[in-house]
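The values are calculated or read from the model by the stated rules, or taken from the named source; none is laboratory data. Computed from a prediction, not measured in an experiment: that's the story for all the values here. Quick reminder, even Gly has a Cβ in these numbers, built from the backbone with ideal geometry, and neighbours come from all protein chains shown.
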């Protein structure tokens with residue numbers, strides 16, 4: 001039987017070879033105990049205290065800000081080493097591997113947890129496919145962990161050494177280390193890591209066409225994944241089984257695994273949404289509690305003032321006059337409250353009408369497109385036209401993503417209009433925010449063969465709300481991709497800043513627009529935009545949401561565009577002047 005090598009192998013490598021990382025956030029681990037002790041020892045260093053606190057809370061952006069302040073202001077080499085370590089972990093968590101490697105490289109050899117630094121450098125080298133360098137780091141860690149007791153799990157180090165040998169095609173060594181790691185994990189009863197180990201052992205055999213040895217390990221990983229809580233590993237194990245069955249021409253069983261894979265995929269998406277909503281509700285509850293505290297404090301002050309006034313007022317005339325004034329003010333206050341409630345009700349009704357209009361217009365279009373596409377999908381399935389099936393599935397995915405983005409914009413717009421969105425302005429590193437957003441869109445640009453360039457000034461710090469800035473950049477970048485043709489180009493760069501503002505430009509070579517359309521889009525009253533091309537869905541809601549968020553952050557928006565040439569979106573955000 002001829003195996004479809006061109007399709008199967010990349011897929012298995014993508015979903016099976018698992019780098020085991022040891023980022024421990026357990027407050028009982030050695031490094032966290034030491035960090036806590038250092039914060040107590042150096043209480044007078046406010047920047048370090050904030051940096052370690054944000055680090056322990058996994059608030060990576062704030063960790064980067066205050067650890068940089070510690071490095072700039074502190075003369076204590078030990079605190080500087082810890083700050084570089086905080087920054088290295090933060091950049092690694094934000095997928096900025098080059099920056100993470102630089103920070104770890106700044107840590108001195110005398111650092112108490114230098115073995116953890118070597119482990120991190122090994123993980124980064126492995127992720128960057130620098131397998132020989134990664135192997136050297138892991139072997140150093142292996143020797144260190146053998147020489148003295150540490151909080152590094154040997155099974156993880158052995159597994160990563162096995163991965164390096166596997167990528168270097170030194171299969172005898174790879175087999176030795178992967179099995180040593182798996183045996184340790186079996187003794188430790190670490191089911192989560194065992195699933196990854198079994199899949200890597202299976203991949204090791206599968207790449208050598210030893211199917212009879214590989215498939216049992218795929219099955220062991222699949223069965224064990226049912227007992228763990230990681231949706232990602234469940235999906236990976238299920239997808240591997242689907243690919244194996246497809247390769248064996250057992251398409252009926254492969255289809256069963258594919259359906260299970262999609263179910264786990266949906267569960268993972270639902271879980272992410274639940275966490276996002278829970279976080280939003282937590283922030284909103286904190287804000288509401290603070291408002292209640294402020295109201296109670298104001299009421300207490302008012303009661304004290306009234307009591308003192310009545311004690312001092314001894315004359316009956318003054319008491320009657322004061323009482324009359326008091327009731328008059330109460331009447332005015334009640335009238336203002338009623339008027340304010342009426343205005344808020346009118347605004348909510350207007351918001352509701354706009355939401356219904358958008359939902360009925362665009363979701364109906366998306367659902368109708370899915371309905372038509374699914375009909376064609378069924379026909380292609382009956383005729384076994386697999387090439388057409390692939391096209392239709394990609395089309396369905398595009399429509400679903402468009403509908404999801406619309407619903408996400410609707411949620412954020414509704415929260416903004418009803419003043420329920422959490423909004424907190426702080427110092428933000430603009431370049432880091434852009435890198436975080438653009439990372440999620442690179443696959444879409446690669447799919448359309450779009451040339452992408454990013455040149456944001458690393459010295460730009462803005463005073464804005466992080467979530468609203470991310471939503472704004474994400475919407476404009478999504479529009480640039482949507483309206484760009486195949487083989488086009490997109491650039492994100494900084495314009496020279498002024499004393500008040502930093503300027504971010506998102507430029508594409510897409511369809512562009514005429515001056516009348518540009519002026520219409522910049523008006524505050526525009527909600528829905530007309531569509532010239534039926535293949536491109538555009539409601540104008542995303543642009544309206546971006547304009548509202550930019551305005552709330554005290555910024556400005558401008559558009560430069562020419563039909564058939566492209567568009568420049570220019571975002572001006574307030575500069576953070578007190579950045580140290």
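Miscellaneous remarks
- Against the criterion of being touching a residue at least 24 places away in the same chain (Cβ under 8 Å) and outside the structural domain of residue 38 (by TED's automatic domain parsing), residue 161 qualifies.
Each row is one residue, and each column tells you yes or no for (1) surrounded by 20 or more Cβ atoms within 10 Å (Cβ to Cβ); (2) free of Cβ contacts under 8 Å to residues at least 40 places away in the same chain.
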position	(1), (2)
434	yes, no
440	no, yes
444	no, yes
447	no, yes
450	yes, no
458	no, yes
464	yes, no
474	yes, yes
481	no, no
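- Residue pairs meeting the criteria (Cβ under 6 Å; at least 6 apart or on separate chains; first at pLDDT 85 or above, in segment 317-333; second surrounded by 10 or more Cβ atoms within 10 Å (Cβ to Cβ)): 319/313
- Inter-residue pairs, beta-carbon under 6 Å, first under 17 Å from residue 250 (Cα atoms) and in segment 206-235, second surrounded by fewer than 17 Cβ atoms within 10 Å (Cβ to Cβ) and at pLDDT 80 or above, 6+ apart: none
- Of all residue pairs spaced 6 or more apart or on separate chains, those with beta-carbon atoms under 6 Å, a first member in segment 46-74 that is in the same structural domain as residue 88 (by TED's automatic domain parsing) and a second member that is assigned to a loop (DSSP other than H, G, I, E, B) are 48/42; 60/94; 69/580.
- Against the test of being closer than 21 Å to residue 167 by Cβ and surrounded by 19 or more Cβ atoms within 10 Å (Cβ to Cβ), the options 209, 198, 222 yield a single qualifying residue, 198.
- The strands (runs of 3 or more DSSP E) falling completely within segment 448-528 that include 1 or more residues that are over 22 Å from residue 549 (Cβ atoms) map to 451-455, 489-495.
- Some residue of segment 23-37 being part of a loop (DSSP other than H, G, I, E, B), more than 27 Å from the chain's Cα centre (by Cα), surrounded by 15 or more Cβ atoms within 10 Å (Cβ to Cβ) and free of Cβ contacts under 8 Å to residues at least 40 places away in the same chain: no
- Residue within segment 500-523 that is modelled with pLDDT under 90, touching a strand residue (DSSP E or B) at 6+ places or on another chain (Cβ under 7 Å), in the same structural domain as residue 432 (by TED's automatic domain parsing) and within 19 Å of residue 431 (Cβ to Cβ) present: no
- Condition check for residue 117: in a helix (DSSP H, G or I), touching a residue at least 40 places away in the same chain (Cβ under 8 Å) and in contact with a helix residue (DSSP H, G or I) (Cβ under 8 Å, 6 or more places away or on another chain): no
- Here residue 112 meets the list (1) farther than 30 Å from residue 37 by Cα; (2) touching a helix residue (DSSP H, G or I) at 6+ places or on another chain (Cβ under 7 Å); (3) not in a helix (DSSP H, G or I) almost entirely, failing just condition (1).
- Across segment 215-236, the qualifying residues are those that are within 27 Å of the chain's Cα centre (by Cα) and part of a helix (DSSP H, G or I), and the one among them that is nearest to residue 202 (Cα to Cα) is 236.
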